[in-house]
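Structure first, commentary second.
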Amino acid sequence: MNPMDQTVPPKSQAAPPLRIRPATAADIPRLVPMINAAFIVETFLEGTRTDLDRLCAYMLKGEFLLAEDASGQLIGSIYTELRPPRGYLGMLAIHPAHQRAGHGSTLMAAGEKHLRGKGCHAIDISVIEWRTELPPIYRKLGYVDTAIQDFQPSQKLKPGVPPCRVIVMSKPL
């Protein structure tokens, strides 16, 4: 068993425990559609949130942690990247059928624990300013606004969509 593998009780009493583990290349075929389903609300980008090539590129720079239920069903994922002495968490994705059950908070905590174990002293995240529902959630998890930056999308914005910014939020570990 991988030392990173862990069973984590969810924040919600109604949700069953999740197994958190690092993703492998074998997970990519089911990870891509789950991430795209989770980000379906982001209608400002042309195409899907990710694809095989983009996910593989992310996996060369960092790691994805997966959350699975007892049957091995993929519930969610989070991207982790070392940026010593800090860490970065991104692309938090929960399958739509499992959203609002506390799994996002569980994966955030697992990502923080993972990066803390790699020697990081703080975590940074980026939130697209159009996702106004997200900063209050991250603030409840201890993140504070630290900067505003231009949004550098991984693909084109849809025609007519104005440029936007990202809110950088940070948390000491």
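The values are calculated or read from the model by the stated rules, or taken from the named source; none is laboratory data. Since we're looking at a predicted model, the values are computed, not measured. Every residue, glycine among them, receives a Cβ derived from its backbone with ideal geometry; neighbour counts consider all protein chains shown.
Observations on the model:
- Hey, I94 buried (at least 19 other Cβ atoms within 10 Å of the Cβ), of a type outside the set (S, T, Y) and under 11 Å from the mean Cα position of the chain (by Cα) or not: yes
- Across segment 75-132, the number of residues qualifying as touching a His at 6+ places or on another chain (Cβ under 7 Å) and of a type in the set (A, V, I, L, M) comes to 2.
- Qualifying residue in segment 137-144 (condition: surrounded by fewer than 16 Cβ atoms within 10 Å (Cβ to Cβ) and under 18 Å from F39 (Cβ atoms)): yes
- Subset tally (residues that are part of a strand (DSSP E or B) and either modelled with pLDDT under 95 or crowded, with 23+ Cβ neighbours inside 10 Å (or both)) for segment 67-79: 5
- Close pairs (8 angstrom Cβ cut-off, 6 or more residues apart or separate chains): without any contact (Cβ under 8 Å) to a residue 40 or more places away in the chain in segment 144-157, assigned to a strand (DSSP E or B) and charged (D, E, K, R) anywhere: V144/K171; T146/D124; I148/R165; Q149/R165; D150/R165; F151/R165
- Residues in segment 116-136 that are surrounded by fewer than 13 Cβ atoms within 10 Å (Cβ to Cβ) and under 15 Å from F39 (Cβ atoms): E133 alone.
- Matching residues, segment 101-136, being on the phi > 0 side of the Ramachandran plot and within 15 Å of the chain's Cα centre (by Cα): G102
- Check on Y88, of a type in the set (S, T, Y) and in a helix (DSSP H, G or I): no
- Among the residues of segment 71-85, those that are among the polar types (S, T, N, Q) and in contact with a strand residue (DSSP E or B) (Cβ under 6 Å, 6 or more places away or on another chain) comprise S77, T80.
- Selection over segment 98-129 of residues that are modelled with pLDDT of 95 or more and acidic (D, E) gives a count of 2.
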